[in-house]
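*Asks:* To start, I am sharing the structure in question, which I have written as structure tokens.
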Amino acid sequence: MDPRRADDLTDALALATQVRAGEVSPRELAESTIQRILATNPSLNFLVTDCFEQALSTEPADGPFRGVPMLVKDLTETAGLRTTFSCKAFAQHVPEHDAAVVRRIKDAGFVVLGKSNTPEFGSTAITESDLNGACRNPWDTTRTPGGSSGGAAAAVAAGALPLAHGSVGGGSIRFPAAACGGDGL
């Protein structure tokens, strides 16, 4: 694998601008992102649940990031999409409602392609769990991408997506961003 420096918010805005200009469709963006995920995830394990079919068949909201694909951290409830918190007790948990942040992500026009790996309940600085296994750093697969937003950081650093959702309890964005050579906001 040839990891590259993570893209950023500017690139996500550029993609949304291309969608608005009719240069590319949200479906085309999703399809090309899915191909990058399928090419990189087997060696990194950043994606724990996908919703590719749903993403390809849903028209995104007309927000500022219309059509830009992303992942949601597996600690955040997403309606109709398995949300495990990386815990075996929640292995089949499928929420009926979106968390507020997911509603905002969708309202902004992002296309959710799945859930990113995280340690169980986001409790450690390395992204691995008995349920979802270890996530690997794209720069060196013998190393962790950090935690708890390690799956998000690994996906972006591998060039699979321009950005991914993360959350913080105490360094859960900055540690993975630093471990993967990216930026966290």
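*Asks:* Report, to the nearest whole %, how much of the accessible area of the chain belongs to carbon and sulfur atoms, 1.4 Å probe, protein only.
*Replies:* For the chain, the apolar C and S fraction of the accessible surface comes to 52 percent.
*Asks:* Once you put a point 7 Å from the Cα of ASP107 and another 7 Å from the Cα of THR17, both along the Cβ direction, what distance in nm separates them?
*Replies:* 2.6
*Asks:* Here's a follow-up. Largest first and in whole Å, give the semi-axes of segment 1-105's equivalent ellipsoid, each being the square root of 5 times a Cα gyration tensor eigenvalue. Working shown, then result.
*Replies:* Values: eigenvalues 119, 68, 31 Å².
Those come to 24, 18, 12 Å.
*Asks:* Viscosity 0.692 mPa s, temperature 37 °C: Stokes-Einstein D of the chain from its Kirkwood Cα radius, in µm² per second? Spell out each step's value before the answer.
*Replies:* Numbers: Rh = 15.9 Å.
Estimated diffusion coefficient is 207 µm²/s.
*Asks:* Amide H of VAL111: which non-local residues (sequence gap of 5 or more, or other chain) have their own amide H closer than 5 Å, using H built in the peptide plane?
*Replies:* When sequence neighbours closer than 5 places are left aside, the close amide H contacts are GLY67, VAL68, MET70.
*Asks:* Pick from LYS106, LYS115, LYS88 the residue whose mean-square fluctuation is largest in a GNM of the chain, springs joining Cα atoms under 10 Å.
*Replies:* Of LYS106, LYS115, LYS88, the most mobile in the Gaussian network model is LYS88.
*Asks:* Using 7 Å Cα-to-Cβ label points, what is the GLU96/PHE121 separation (nm, one decimal)?
*Replies:* Each label point lies 7 Å from its Cα, and together they span 2.5 nm.
*Asks:* At a Cα cut-off below 26 Å, give the lysines reachable from LYS106, other chains included and same-chain residues fewer than 8 away excluded.
*Replies:* Within the straight-line cut-off, LYS106 pairs with LYS73, LYS115.
*Asks:* Might you tell me the accessible area per residue for the chain, computed with a 1.4 Å probe and given in Å²?
*Replies:* Values: 8550 Å² over 185 residues.
Dividing the accessible area of the chain by its residue count gives 46 Å².
The values are calculated or read from the model by the stated rules, or taken from the named source; none is laboratory data. None of these values were measured; they are calculated from a predicted model. In this analysis, Cβ positions are derived from the backbone assuming ideal geometry, glycine residues included, and neighbour counts consider all displayed protein chains. These area figures cover heavy atoms from the full protein model, side chains too; ligands, DNA and RNA do not enter into them. Shrake-Rupley method; radii C 1.70, N 1.55, O 1.52, S 1.80 Å.
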